[in-house]
Amino acid sequence: MTFGEQPAYLRVAGDLRRKIVDGSLPPHARLPSQARIREEYGVSDTVALEARKVLMAEGLVEGRSGSGTYVREQPVPRRVARSGYRTGGASTPFRQEQAEAGARGTWESSSEQTAAPAEIARRLGIEPGERVMRTRYVFRDAGEAMMLSTSWEPLAVTGRTPVMLPEEGPLGGSGVVDRMAAIDVVVDNVVEEVGARPGLAEENMLLGGVPGHVVLVIGRTYFASGLAVETADVVVPADRYRLSYHLPVR
């Protein structure tokens with residue numbers, strides 16, 4: 001293979017991808033069989049199989065047991081707007097971040113005290129094994145799971161206070177900034193790092209994805225005068241949502 005020349009299976013996958021994108025192979029159409037690909041492109045069974053695997057890994061096609069491989073209907077991505085951390089008001093932080101004004105979000109959560117894993121301890125600036133409150137969320141829009149989040153708060157900050165449980169008490173569900181303010185902790189900085197990876201099996205199960213689907217992961221940490229008071233991993237399906245940031249110019 002000369003420099004710049006694609007392997008045969010990538011060239012076949014690229015042509016099939018083009019047909020899917022331009023509509024020649026529309027959603028729900030059956031992908032040509034392995035034998036048909038072999039004949040049409042003049043390639044081996046191995047190349048035909050690898051080309052189909054590429055399209056499946058990209059989420060463009062899906063296998064149906066006993067039936068064949070079909071073109072998947074691609075969702076139109078929606079925006080998850082992230083435009084800062086407003087305090088007060090009747091709207092929860094989750095609803096503030098929803099892109100569509102008419103959307104009505106709901107969520108489920110569960111909290112438990114646990115020992116901080118090493119990576120979470122590093123992000124919070126505490127020793128591994130120190131006690132934290134871990135809260136897991138499933139956020140829904142019109143009943144569809146759209147986002148997962150796992151939050152950790154050091155009990156050295158919130159323990160034995162009215163806001164120790166994020167979703168209970170008079171400020172339950174109000175968001176980190178308002179909850180911390182209630183115990184005289186003023187959040188003055190938020191750091192977010194965005195990455196991507198294949199979704200874990202339990203994430204795909206909750207979000208309705210398939211193995212190999214990519215998720216966006218927002219690693220977020222709130223600070224008060226340099227002290228980390230909460231850190232969280234927010235997981236969003238990359239094929240259905242786009243993160244939209246609106247940042248003020250200072």
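For residue 244, the conditions (1) under 20 Å from residue 76 (Cα atoms); (2) open to solvent by 40 Å² or more (accessible area, probe 1.4 Å) are fulfilled apart from (2). Under the condition of being part of a loop (DSSP other than H, G, I, E, B), over 34 Å from the mean Cα position of the chain (by Cα) and crowded, with 17+ Cβ neighbours inside 10 Å, the residues counted in the stretch 32-71 number 1. The set of residues in the stretch 201-241 being among the polar types (S, T, N, Q) and buried (at least 17 other Cβ atoms within 10 Å of the Cβ) consists of 204, 221, 231.
Inspect the stretch 83-95 for any residue being modelled with pLDDT of 75 or more and assigned to a loop (DSSP other than H, G, I, E, B) and give the result as yes or no.
no
Suppose we filter the stretch 106-120 for residues that are buried (at least 18 other Cβ atoms within 10 Å of the Cβ) and part of a loop (DSSP other than H, G, I, E, B); how many remain? The qualifying residues number 1. Tallying residues that are open to solvent by less than 60 Å² (accessible area, probe 1.4 Å), touching a Phe, Trp or Tyr at 6+ places or on another chain (Cβ under 9 Å) and outside any helix (DSSP H, G or I) within the stretch 3-31 yields 2.
This table checks each residue for (1) outside any helix (DSSP H, G or I); (2) under 30 Å from residue 58 (Cβ atoms); (3) in contact (Cβ under 8 Å) with a residue 24 or more places away in the chain; (4) among the basic types (Lys, Arg).
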position	(1), (2), (3), (4)
129	yes, no, no, no
132	yes, no, no, no
152	yes, no, yes, no
157	no, no, yes, no
231	yes, no, yes, no
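Taking the criterion of being acidic (Asp, Glu) and over 20 Å from residue 209 (Cβ atoms), the residues of the stretch 27-59 that qualify are 39, 40, 45, 50. Within the stretch 161-186, residues that are in a helix (DSSP H, G or I) sit with their Cβ atoms under 6 Å from residues that are of a type in the set (Asp, Glu) and open to solvent by less than 50 Å² (accessible area, probe 1.4 Å), at 6+ positions apart or across chains, in these pairs: 176/230. Does residue 123 satisfy the condition of being outside any loop (DSSP other than H, G, I, E, B) and at pLDDT 75 or above? Judged against the criteria, residue 123 is a match. Restricting attention to the stretch 174-195 and to residues that are under 13 Å from the mean Cα position of the chain (by Cα) and open to solvent by 70 Å² or more (accessible area, probe 1.4 Å), the residue that is farthest from residue 123 (Cα to Cα) turns out to be 194. Only residues that are at positive phi and open to solvent by less than 40 Å² (accessible area, probe 1.4 Å) were counted across the stretch 163-173, and they come to 1.
The values are calculated or read from the model by the stated rules, or taken from the named source; none is laboratory data. As the structure is a prediction and not an experimental result, all values here were calculated from the model. Glycine also receives a Cβ, built like all others from the backbone with ideal geometry; neighbour counts cover every protein chain displayed. Remember, those area values only see protein heavy atoms, side chains included, never the ligands or the DNA or RNA. Shrake-Rupley method; radii C 1.70, N 1.55, O 1.52, S 1.80 Å.
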